[in-house]
1. Since residue 90 meets every condition but one in (1) within 17 Å of residue 261 (Cα to Cα); (2) in contact with a strand residue (DSSP E or B) (Cβ under 9 Å, 6 or more places away or on another chain), which condition does it not meet?
2. Right, residue 328: part of a helix (DSSP H, G or I), modelled with pLDDT under 95 and crowded, with 16+ Cβ neighbours inside 10 Å or not?
3. Only one residue in 166, 124 is under 25 Å from the mean Cα position of the chain (by Cα), modelled with pLDDT of 95 or more and part of a loop (DSSP other than H, G, I, E, B). Which one?
4. So which of 337, 310, 289 ends up being touching a residue at least 40 places away in the same chain (Cβ under 8 Å), more than 22 Å from residue 44 (Cα to Cα) and part of a helix (DSSP H, G or I)?
5. Residues of the stretch 61-76 being without any contact (Cβ under 8 Å) to a residue 40 or more places away in the chain and either in a helix (DSSP H, G or I) or in contact with a helix residue (DSSP H, G or I) (Cβ under 8 Å, 6 or more places away or on another chain) (or both), which ones?
6. What is the residue count in the stretch 292-303 for residues that are surrounded by fewer than 10 Cβ atoms within 10 Å (Cβ to Cβ) and not in a helix (DSSP H, G or I)?
């Protein structure tokens, strides 16, 4: 007999043989890979923020006096992170919200109030209490005292007077609330026929996926003509430049839960084979393409790196369009490859000294600015570079920012989880919120 042709058993996007009850039961199972991914992303956010005072790009309360204002390595690190890590956070939010909606015993009103209680309330409290406290810590340390303010009360009053909306990294929580609200309302109205409608829509899956990503790129570019990268929309503390990606990522997470296919909107199907190899290749390709685009645009446009960076932030120009496309490409390549790695290799509980680490990731996310700022101020005082700026020379000026980001960043991660464990374990009722 000749060789039999091997036929792949392709799973349909929505299995018609499964009852709604079966789908709900499947989605209600704990997926450790996604919990671990959320934990990893939280740790990455902490290291990402640690890089800023040592020469990265972004907003933070202090800048180290021991090094130049910018480190090329840390700027690239921050820019690459921006392509995928918040997108994955929104993917997970969309996924877990749909999981909760699929539980027939949870009414929509309960889900909505839980979002207000667990997301919006912490965001408001963070804005009102934590952000002024960060200013107070910097002021008390003498590192960058606020002019004309001598007492802590004056520092707090000054911070409160500048509040125009959500502040700090909790913009993510504030944005998830309207996303979740919209999905909860739509599920109450249309959920009975949602699976059939989406299944019929994805009969033209390739066209829809390409249209979704193209729309995200072009809408990001269009928004940046008016609201460039760095512009903060004060009510939610949000950079509108990245909003299209967050909408796409959240929608992808919702579809992933409905379809039982995590890569339903992945244009390259990163989860098919060899995810770790794909992740490494994706990172290398993104870095190489960034370097190539930078060199080509500087050459053909006849501009320097500072002028190019200014143009990439927004406006009706080629660099802004290229950056919008590259940013979405990074999410498609690195984001889904990282998801595939966790699904393949990290689907067991992450425990440390008997503690389940994902349980404290949300609290660590909220607490880490306080913890990180204190640690970084202590490091600055130990290094004692003085008010006149950099006092270090040679290779340390260039290698130091990277080394300190790694060492201090990992210390901040560890300290943030310890603080999160203490807050949840020792303060009554906090665990019911976060």
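1. All conditions pass for residue 90, except number (2).
2. Values: part of a helix (DSSP H, G or I): yes; modelled with pLDDT under 95: no; crowded, with 16+ Cβ neighbours inside 10 Å: yes.
Judged against the criteria, residue 328 is not a match.
3. Numbers: 124 fails: part of a loop (DSSP other than H, G, I, E, B).
Answer to the check: 166.
4. 289
5. 63, 72, 75
6. Adding up the residues that qualify gives 1.
The values are calculated or read from the model by the stated rules, or taken from the named source; none is laboratory data. Not measured: the values here are computed from a predicted model. Using ideal geometry, Cβ is built from the backbone for each residue, glycine included, and neighbour counts are taken over all protein chains shown.
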